[in-house]
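**Student:** Questions regarding the structure given below will be posed in turn.
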Amino acid sequence: MSIHAYKTALRRLEAPRELERRILAANSAGLDAHRAAYDATEDPQARLEILAYGLGTAANENQAFWRALRRDVSDERNALHPALRAGLISLSLWVDARTTDLLRGRGTVAPLVEVNRIVSAGLGRSEASCEAGSKDIPCP
């Protein structure tokens, strides 16, 4: 089996929760690669250059993920608890607003990275740790 075929087969076997966690981790890494430079300057020209050389793409990809998540949890057939669904919708709207600001040269990258990492960590929790009642990270 070729590597490409193996990766395709693996993706089909991957649980949706793990896939979402992996996407968030990749999005966090993409944003974090530009975070220090962007957040350290308030110069509009410097920020536009950082956006043009990769941060804009990373921010757009992250925004697309959160918009897709919002569509998914907005569906009445979604099996998540209604309170969790409402929280994720609110969070996705927050990410959307912060990303729009970022793409206009305002705000900072750090809060977007932090939110992605927190949600990613929550998705990485095992069902057993949720059933055991660990309160470090909320369970889905």
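The values are calculated or read from the model by the stated rules, or taken from the named source; none is laboratory data. Everything numeric here is computed off the predicted structure, so don't read it as measured data. With ideal geometry, Cβ positions are generated from the backbone for all residues, glycine too; neighbour counts draw on all protein chains shown.
**Student:** Taking only region 101-111 into account, find how many residues are surrounded by fewer than 21 Cβ atoms within 10 Å (Cβ to Cβ) and under 15 Å from the mean Cα position of the chain (by Cα).
**Tutor:** The first filter runs over region 101-111 and keeps only residues surrounded by fewer than 21 Cβ atoms within 10 Å (Cβ to Cβ), leaving 101, 103-108, 110-111.
Imposing the further condition that a residue be under 15 Å from the mean Cα position of the chain (by Cα) reduces the set to 110-111.
Counting residues in region 101-111 that are surrounded by fewer than 21 Cβ atoms within 10 Å (Cβ to Cβ) and under 15 Å from the mean Cα position of the chain (by Cα) gives 2.
**Student:** Would it be correct to say that residue 76 is at pLDDT below 95 and surrounded by fewer than 15 Cβ atoms within 10 Å (Cβ to Cβ)?
**Tutor:** Against the criterion (at pLDDT below 95 and surrounded by fewer than 15 Cβ atoms within 10 Å (Cβ to Cβ)), residue 76 qualifies.
**Student:** Assuming residue 123 fulfils every condition listed in (1) under 30 Å from residue 38 (Cβ atoms); (2) of a type in the set (A, V, I, L, M); (3) modelled with pLDDT under 95; (4) surrounded by fewer than 18 Cβ atoms within 10 Å (Cβ to Cβ) apart from one, which condition is it?
**Tutor:** So residue 123 meets the others, but not (4).
**Student:** If a residue counts only when it is more than 12 Å from residue 103 (Cα to Cα) and modelled with pLDDT of 95 or more, which helices (runs of 4 or more DSSP H) contained entirely in region 1-67 have at least 1 such residues? Before the answer, list the steps.
**Tutor:** Details: elements: 3-13, 16-40, 44-50.
Per the criteria, 16-40, 44-50.
**Student:** Taking into account only those residues within region 26-67 that are acidic (Asp, Glu) and more than 29 Å from residue 124 (Cβ to Cβ), which is surrounded by the most Cβ atoms within 10 Å (Cβ to Cβ)?
**Tutor:** The qualifying residue surrounded by the most Cβ atoms within 10 Å (Cβ to Cβ) is 49.
**Student:** Would you tally the residues in region 91-128 being free of Cβ contacts under 8 Å to residues at least 40 places away in the same chain, of a type in the set (S, T, N, Q) and touching a Lys or Arg at 6+ places or on another chain (Cβ under 7 Å)?
**Tutor:** Of the residues in region 91-128, the ones free of Cβ contacts under 8 Å to residues at least 40 places away in the same chain are 91-98, 100-101, 104, 106-107, 111, 114-115, 118, 121-122, 125-128.
Checking which are of a type in the set (S, T, N, Q) leaves us with 92, 100, 126.
Pick out the ones that are also touching a Lys or Arg at 6+ places or on another chain (Cβ under 7 Å) and you get 92.
Residues meeting the conditions: 1.
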